[in-house]
Amino acid sequence: MKPLNQNSLLSICEVAGYCRCHTETVARWIRQGKLRAIRLPGGRIRVRFNAVLDVLDGAPEKQNDSSLG
């Protein structure tokens with residue numbers, strides 16, 4: 001895995017690898033608002049590394065940056 005800083009943008013697959021969970025789990029966290037995500041102009045979803053750390057640390061839920069519903 002490439003070196004990460006807090007503003008690194010990760011794909012759902014990369015987040016799942018980091019968290020050692022399934023990609024569907026990550027997608028569910030995003031749908032439920034537990035994990036902040038952004039949708040790129042091409043429709044792909046990215047998650048900032050610091051948002052992943054917040055979820056793993058048990059930080060309070062935050063609103064998604066865009067409508068991913």
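Here, each number is a calculation from the coordinates, and none is a lab measurement. Everything numeric here is computed off the predicted structure, so don't read it as measured data. Note: ideal-geometry Cβ built from the backbone for every residue, glycine included; neighbour counts use all protein chains shown.
Between Leu40 and Arg20, what is 0.36 nm times their sequence separation minus the Cα-Cα distance? Round to one decimal in nm.
Full extension of this stretch gives 4.8 nm more.
Label points 7 Å out from Cα along the Cβ direction at Leu4 and Asn50: separation in nm?
Taking the two extended label points, one gets 1.4 nm.
For the range 6-52, with only Lys/Arg (+1) and Asp/Glu (-1) charged at the beta-carbon, what is the dipole magnitude about the Cα centre, in debye rounded to 20?
Around 160 debye, computed over the range 6-52.
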